[in-house]
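The values are calculated or read from the model by the stated rules, or taken from the named source; none is laboratory data. Note that this is a predicted model, so its numbers are computed, not measured. All Cβ positions, glycine included, derive from the backbone under ideal geometry; neighbour counts span all protein chains shown. The area values use the complete protein model at the heavy-atom level, side chains included, leaving out ligands, DNA and RNA. Shrake-Rupley method; radii C 1.70, N 1.55, O 1.52, S 1.80 Å.
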Amino acid sequence: MQKISKREFIRLSAFCAAGMLCPGGMRASSDRKPGKYSREAIFYAETPRGIQCTVCPNECIVKPGEVTTCHNRTNIGNKLYSIAFGNPCAVHVDPVEKKPFFHVLPASRSFSLATAGCNLNCKFCQNWEISQTRPDDTHNYQMPPEAVVQHAVENQCQSIASTYVEPTIFIEYMLDIGRLARQQGILKVMHSNGFVNPGPLDELCKVLDGACIDLKGFSEDFYRDLTGGSLAPVLDTLRGLKRRSVHTEIVNLVIPGKNDDTEQIRAMCRWIKSELGPEVPIHFTRFYPLYKLKSLPPTPVATLEQARRTALDEGLQFVYIGNVPGSAGEHTTCPKCGARLIQRLGYHVEMVNLKEGRCRQCGRAIPGIWRLPRPT
């Protein structure tokens, strides 16, 4: 009997339980040919057992006709292809704060898109209808990279966001969009789970201006039990983004009874300060029962406020509360003089004491992206 790794066993078990695999293995069609939305993948390798995708730590090995667990890549003729190049299933114009970015061009518009699929299987996913299916099974838009940038310009968007699902699974699409966005002086940003290998991340950072990373919890047990992934690669991604000077913000969805332990939050905040620095913005976001965790209650506001106090006590300087409109944790405050810099009520944003990235009162520089880049 052929042995498989522990990670491979957990991954396959999770997807079998979810009905993602057919009796003969991964859902497959061995006679498939590259189609209109197929693009040969950049990151893969040949192995004796099949073609191995190397975009993320799952490192799926697929035989001809089989599909990776992110539903986004397939082996066609012993070459790996993305089947989601230019066919997003979700396209919206959003406030950049919805990503959420609080230190990127406040009150600006972000042209936001996603294709179907994801490399994790989070039990609390809010976009599970598109994250846990394939591009072949969603209603998609014909939108090559050139059209994405054109729509962004026409809709007066100052950034293009890959979001809603894990965007690194359609990295080829992201790279082409990012290169074209640079030519137009438009920011390229993403909201990501950070579950990506270092090589693809380095390539992506060449066109990436900002990343909002879901640090879903701070234990391997949490990641294994609730996401089907692991924590260590996400921490490596955060370090990699810092090393490449990509503006980074962190989101922690606080789930009652799962990752809301104060000491675990304290440990996470200490790690962020030590490894990334005290200026990295972090958003503690309210959980609402969705997908496979419908039996849990929404996060008590008091729990979010305690998490915020813990982060501030540990020396983090920009700590926010999300999904609670009207909370004092929505505002940006100068860590030097205490002046309110940006005032928010949901997606209503008002610049109060911030000018060209500095506090009007004391002149303290505030980390973030406060102006558009010049076209290249």
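Here are some notes:
- Candidate set: the range 196-231, residues that are within 19 Å of residue 128 (Cα to Cα) and basic (Lys, Arg); chosen: the one nearest to the chain's Cα centre (by Cα): 216
- Those residues of the range 250-270 which are surrounded by fewer than 18 Cβ atoms within 10 Å (Cβ to Cβ) and of a type in the set (Asp, Glu), in sequence order: 261, 263
- Within the range 89-130, the set of residues being open to solvent by less than 10 Å² (accessible area, probe 1.4 Å), in a strand (DSSP E or B) and among the β-branched types (Val, Ile, Thr) comprises just one member, 104.
- The condition of being open to solvent by 50 Å² or more (accessible area, probe 1.4 Å) and either among the β-branched types (Val, Ile, Thr) or at positive phi (or both) holds for only one of 310, 299, 333, 303, that being 333.
- Meets criteria (out of contact with any Lys or Arg (no Cβ under 7 Å at 6 or more places or on another chain), buried (at least 16 other Cβ atoms within 10 Å of the Cβ) and over 27 Å from residue 130 (Cβ atoms)) for residue 273: yes
- Residue in the range 138-150 that is nearest to residue 120 (Cα to Cα), counting only those that are outside any helix (DSSP H, G or I) and open to solvent by 60 Å² or more (accessible area, probe 1.4 Å): 139
- Test: residue in the range 312-327 that is of a type in the set (Phe, Trp, Tyr), in contact with a Leu (Cβ under 6 Å, 6 or more places away or on another chain) and part of a strand (DSSP E or B): no
- When the range 207-249 is filtered for residues that are among the aliphatic types (A, V, I, L, M) and either in contact (Cβ under 8 Å) with a residue 24 or more places away in the chain or surrounded by fewer than 18 Cβ atoms within 10 Å (Cβ to Cβ) (or both), the ones remaining, listed by number, are 207, 208, 211, 213, 215, 226, 232, 234, 235, 238, 241, 246.
- Candidate set: the range 43-64, residues that are in contact with a strand residue (DSSP E or B) (Cβ under 9 Å, 6 or more places away or on another chain) and under 26 Å from residue 141 (Cβ atoms); chosen: the one most open to solvent (accessible area, probe 1.4 Å): 43
- Note on the range 336-347: residues that are assigned to a strand (DSSP E or B), open to solvent by 20 Å² or more (accessible area, probe 1.4 Å) and more than 15 Å from residue 361 (Cβ to Cβ) total 1.
- In the condition set (1) open to solvent by 10 Å² or more (accessible area, probe 1.4 Å); (2) at pLDDT 95 or above; (3) more than 21 Å from residue 39 (Cα to Cα), residue 189 is compliant with all but (1).
- Checking residue 37 against (1) outside any strand (DSSP E or B); (2) closer than 20 Å to residue 204 by Cα, the condition it does not meet: (2)
- Condition check for residue 133 on (1) touching a helix residue (DSSP H, G or I) at 6+ places or on another chain (Cβ under 7 Å); (2) of a type in the set (Ser, Thr, Tyr); (3) not in a strand (DSSP E or B): one failure, at (1).
- Checking each residue in the range 72-88 for being open to solvent by less than 10 Å² (accessible area, probe 1.4 Å) and either under 16 Å from residue 119 (Cβ atoms) or assigned to a strand (DSSP E or B) (or both) picks out 72, 73, 74, 75, 80, 82, 83, 84.
- The set of residues in the range 61-93 that are of a type in the set (Lys, Arg) and touching a Gly at 6+ places or on another chain (Cβ under 9 Å) comprises 63, 73.
- Where residue 299 falls short, out of the listed (1) assigned to a loop (DSSP other than H, G, I, E, B); (2) out of contact with any strand residue (DSSP E or B) (no Cβ under 6 Å at 6 or more places or on another chain); (3) not small (Gly, Ala, Ser): (2)
- Test: residue 153 is in contact with a helix residue (DSSP H, G or I) (Cβ under 7 Å, 6 or more places away or on another chain), open to solvent by less than 10 Å² (accessible area, probe 1.4 Å) and assigned to a helix (DSSP H, G or I): no
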